[in-house]
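Read-outs throughout are calculated quantities, based only on the coordinates presented, and are distinct from any laboratory measurement. Computed from a predicted model, the values in this text were never measured in an experiment. Ideal geometry is used to build each Cβ from the backbone, glycine not excepted, and the neighbour counts take in all protein chains shown.
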2 protein chains.
Amino acid sequence: MKQDSRLSGVLHVLLHMAQQPGSFTSETLAKAMDTNPVVIRRIMAGLRDLGYVRSEKGHGGGWTLACDLTKVTLRDVYTALGSPALLAMGNRTEAPGCLVEQAVNAALDQAFGDAQALLLSRFGEVTLAMLGDDLRKRLGSRKLQGMSAHGA
Amino acid sequence: MKQDSRLSGVLHVLLHMAQQPGSFTSETLAKAMDTNPVVIRRIMAGLRDLGYVRSEKGHGGGWTLACDLTKVTLRDVYTALGSPALLAMGNRTEAPGCLVEQAVNAALDQAFGDAQALLLSRFGEVTLAMLGDDLRKRLGSRKLQGMSAHGA
DNA sequence: CGGTTATGTAACATATGAAGTTACATGAAA
DNA sequence: TTTCATGTAACTTCATATGTTACATAACCG
């Protein structure tokens with residue numbers, strides 16, 4: 001299965017923005033992420049709608065953080081993306097008349113449900129501020145070697 | 001993300017086979033699963049290689065169970081399929097030079113790893129025999145109403 | 001033997017959805 | 001009013017599960 005990397009992507013953007021105040025254009029962010037400005041706008045749209053970031057047009061415009069990083073969790077970000085599927089596997093048929101299929105679905109759904117719940121729970125425990133702290137730690141040890149945030 | 005339903009499918013096949021002794025052609029199984037015989041052969045290939053089922057050509061040929069259902073778990077079946085991806089989400093870049101990306105990956109990998117481990121652990125707790133027991137229970141209550149395994 | 005029935009597998013078609021791209025409308029600031 | 005930025009639709013590209021066709025291989029049957 002091809003994997004969805006939007007959560008990873010949008011977190012990367014947010015963390016980049018958190019490194020310095022001010023606004024960032026989609027183009028700037030796209031360059032840092034080695035992707036296309038439209039992709040940035042796309043993955044940021046949900047965050048904007050929920051008020052986690054603001055966007056402004058015209059000169060000096062761009063994206064700005066508009067939330068308390070200690071309050072927003074990975075789960076909030078995930079929700080802002082539209083809560084895409086977490087699991088790569090699913091049941092062959094969702095409402096089967098076949099009892100065999102029902103038995104299989106019941107067993108798999110149990111496991112799938114547990115894994116999803118755990119994942120969402122973990123997401124809910126991590127705030128953007130925590131990611132920032134972790135990043136600062138990494139930056140610290142790198143700076144001693146004279147490296148920038150973007151490394152090699 | 002489109003979801004992979006091979007595990008669901010192969011379990012369905014195995015459970016069908018467990019309902020009565022003897023061999024089953026790919027065509028028979030395909031009809032019960034409402035799919036194509038080649039698809040059956042494809043998802044069964046790994047199980048055959050690991051000895052969980054046998055296949056025979058020619059007249060009277062087909063697929064037969066060749067394992068102790070109380071010993072084979074959903075995890076074994078999953079492995080026989082080639083251990084396909086469990087999660088629909090992944091990191092944007094796997095070995096990033098960017099420290100921001102590293103921080104994001106670290107956080108996500110933690111959650112992803114936990115969820116995967118839980119899923120595999122759950123799979124390991126469920127044997128094919130347990131699925132069969134559950135199915136028999138469902139068949140029992142259905143039979144009282146005069147319904148067959150394939151319901152409506 | 002030759003015919004029938006089955007699996008084994010390659011090759012190709014289809015469908016889905018994320019990611020990337022192009023094009024253009026909208027709006028804000030210089 | 002020109003420039004710069006987002007907003008968004010439409011399209012292409014890519015990966016991959018699924019479906020299908022075609023044919024080789026092997027077992028059994030007469």
With +1 assigned to the C-beta of every Lys and Arg and -1 to the C-beta of every Asp and Glu, and no other charges, what is the dipole magnitude of the range B:46-119 about the Cα centre in debye, to the nearest 20?
340
Just how large is the dipole of the range B:6-143 about the Cα centre, in debye to the nearest 20, putting +1 at every Lys and Arg Cβ and -1 at every Asp and Glu Cβ?
680
Whichever lysines have a C-alpha closer than 25 Å to that of residue B:31, once near sequence neighbours (fewer than 8 apart) are set aside:
B:2, B:57, B:137, B:143
At 222 nm, what helix-only mean residue ellipticity would chain A give, in deg cm²/dmol to the nearest 500, using -39500 (n - 2.57) for each DSSP H run of four or more?
-18000 deg cm²/dmol
If you take the square roots of the eigenvalues of the alpha-carbon gyration tensor of the protein assembly as shown and sort them as a ≥ b ≥ c, do you get rounded (a/c under 1.5), prolate (a/b over b/c) or oblate?
prolate
For residue B:87, the residues 5 or more places away or on another chain with a placed amide H closer than 5 Å to its own amide H are A:88
What's the local net charge at residue B:10, with K and R +1, D and E -1, over the other residues with C-beta under 14 Å away?
+2
Among all stretches of chain B without exposed trypsin sites (Lys or Arg not before Pro) (DSSP loop, at most 12 other Cβ atoms within 10 Å), which one is longest?
B:72-152
